[in-house]
Structures are given as C-alpha cells and as structure tokens.
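Worksheet: one structure, shown below.
The values are calculated or read from the model by the stated rules, or taken from the named source; none is laboratory data. Quick caveat, the model's predicted, so the values are computed rather than measured. Using ideal geometry, Cβ is built from the backbone for each residue, glycine included, and neighbour counts are taken over all protein chains shown. Quick note on the areas: whole protein, heavy atoms, side chains included, nothing else; ligands and nucleic acids left out. Shrake-Rupley method; radii C 1.70, N 1.55, O 1.52, S 1.80 Å.
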Amino acid sequence: MTLEQTAIGEEVRITKVGGEGELRCRLLDMGLIPKTTVKVQKVAPMGDPIEIHLRGYELTIRKEDAGKIEVELL
C-alpha cells in the first residue's frame with residue numbers, strides 16, 4: 001500500500017521510500033523515513049495535494065510523490 005492510497009484519518013508507518021535521485025533525497029530530508037508514523041490529515045478536493053502529520057508538524061506533498069512511499073497500517 002502507498003501513502004497515496006491511505007484514507008483521511010488513518011495512521012500508517014512508512015516501510016519504504018521510493019523515487020530516484022533528488023526526489024528521494026528531498027523526501028528523506030522532509031522526515032519521510034522508514035519506521036516513521038504518519039497520519040493523513042486532509043486531501044484537496046481534486047485529490048492533490050495531500051496534507052500529512054508527522055514528527056510534530058504538518059507537511060503537504062503531491063499525490064504523485066505520495067505514491068512513491070510504501071506504508072503499512074498500524
């Protein structure tokens with residue numbers, strides 16, 4: 001399952017961060033690293049972007065980028 005497929009209000013744990021090069025480094029720099037707990041807060045009306053809560057702050061990422069982050073339900 002990917003972060004893109006997670007429903008609003010669900011808490012998940014990151015298992016793998018995909019992507020290549022700069023994109024992967026950028027996601028890791030924002031705190032999206034394996035074993036981090038993430039909660040989906042909001043999704044824009046058209047489904048893009050997605051707002052998530054992790055490590056005490058809110059982060060908004062594109063749906064395309066969220067599809068590269070593998071997660072598991074808690």
(request) Using Cα positions and a limit of under 14 Å, work out the aspartates and glutamates in reach of K42, with same-chain residues fewer than 8 apart set aside. (result) E4, E10, E11, E51, E58
(request) Search the structure for amide H atoms under 5 Å from the amide H of G18, placed 1.01 Å from N in the peptide plane, and list their residues when 5 or more places away or on another chain. (result) I69, E70
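In Å², and per residue, what accessible area does the chain have when probed at 1.4 Å with the other protein chains present?
Details: 4510 Å² over 74 residues.
That works out to 61 Å² per residue.
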(message) If you take every residue apart from L54 with its C-beta less than 12 Å away from the C-beta of L54, what net charge results, scoring Lys and Arg +1 and Asp and Glu -1?
(response) +1
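Under the rule a/c < 1.5 gives rounded, and otherwise a/b versus b/c splits prolate from oblate, where does the chain land using the Cα gyration tensor? Walk me through the numbers on the way to the answer.
Numbers: a/c = 1.43, a/b = 1.18, b/c = 1.21.
Taking the square roots of the gyration eigenvalues as a ≥ b ≥ c, the chain is rounded.
Ignoring the sites themselves, what is the longest stretch of the chain with no GluC sites (Glu not before Pro) in a DSSP loop and at most 15 other beta-carbon atoms within 10 Å?
Between exposed loop sites, the widest span is 21-74.
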(message) Which one, G31, A66, L3, projects farthest toward the positive side of the charge dipole computed for the chain from Cβ point charges (K/R +1, D/E -1)?
(response) G31
(message) Show me, for the stretch 15-26, the HN-Hα J-couplings you get by feeding each phi into the Karplus relation (A = 6.51, B = -1.76, C = 1.60, θ = phi - 60°), rounded to Hz, glycine and proline as x.
(response) 10, 7, 10, x, x, 9, x, 4, 4, 4, 4, 5
(request) Give the long-range amide H neighbours of E11: residues separated by 5 or more places, or on another chain, with amide H under 5 Å away, using H modelled in the peptide plane at 1.01 Å from N. (result) L74
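Give me the percent of accessible area attributable to carbon and sulfur for the chain, probe 1.4 angstrom.
On the way: 2240 of 4510 Å².
C and S fraction of accessible area: 50 percent.
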(message) Explain nothing, just compute: Karplus ³J(HN,Hα) = 6.51 cos²θ - 1.76 cosθ + 1.60, θ = phi - 60°, for every residue of the stretch 39-51 in order, whole Hz, x for Gly and Pro.
(response) 10, 7, 8, 9, 10, 4, x, 8, x, 9, x, 10, 9
